[in-house]
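Here the structure comes first, spelled out in structure tokens, and everything after it is commentary.
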DNA sequence: GTTTTGACGGCGG
DNA sequence: TCCGCCGCCAAAA
């Protein structure tokens, strides 16, 4: 079944909204979960437009290394890190410490 | 209509 | 383990 871009964006937002406080997920994990494995960039692209939506914790989405690659897309460069630390996630030099501990993979947590 | 770019990830060297 | 190339696909130039 074919998924339109609009629907894909919606799905991305839905998944991101499911990420609990103090946890993070990755672009690739979301892409894989939505059946668009290998198209992690599309997730990032969707996130780029996430500011149009409400209640989308975009700061809980990082790349697979746990780097805050999208921080420049927030109101201020340190906004993303501040939100994460506010939830108890320590960040150093754009890198989430103990990344694996905080990782929330929809494919595992939601396991369908 | 073609080329470049991008909030990424896997794989090879 | 770290670095770089390539594949992915949509949007902007």
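Any read-out appearing in this document is the output of simple, stated calculations on the displayed coordinates, not a laboratory observation. For clarity, every value in this text was computed on a predicted model and none was experimentally measured. Neighbour counts are summed over all protein chains in view; Cβ atoms, including those assigned to glycine, are modelled from backbone coordinates with ideal geometry.
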message: For a quick check: sort A:13, A:27 by the number of other beta carbons within 10 angstrom, fewest at the front.
response: A:13, A:27
task: Rounded to the nearest 10 degrees, what's the angle between the helix A:5-17 long axis and the longest principal axis of chain A, both from Cα atoms, 0 to 90?
output: 40
- prompt: residue A:67 to residue A:108: FRET efficiency via 1/(1 + (r/R0)^6), r the Cβ-Cβ distance, R0 35 Å, to the nearest 0.05?
  reply: 0.95
message: How big is the range A:1-93 along each principal axis, measuring the range of its Cα positions in Å and listing the largest first?
response: 41, 25, 22
- request: Provide A:50, A:92 in ascending order of the number of other Cβ atoms located within 10 Å of each residue's Cβ, fewest first.
  value: A:92, A:50
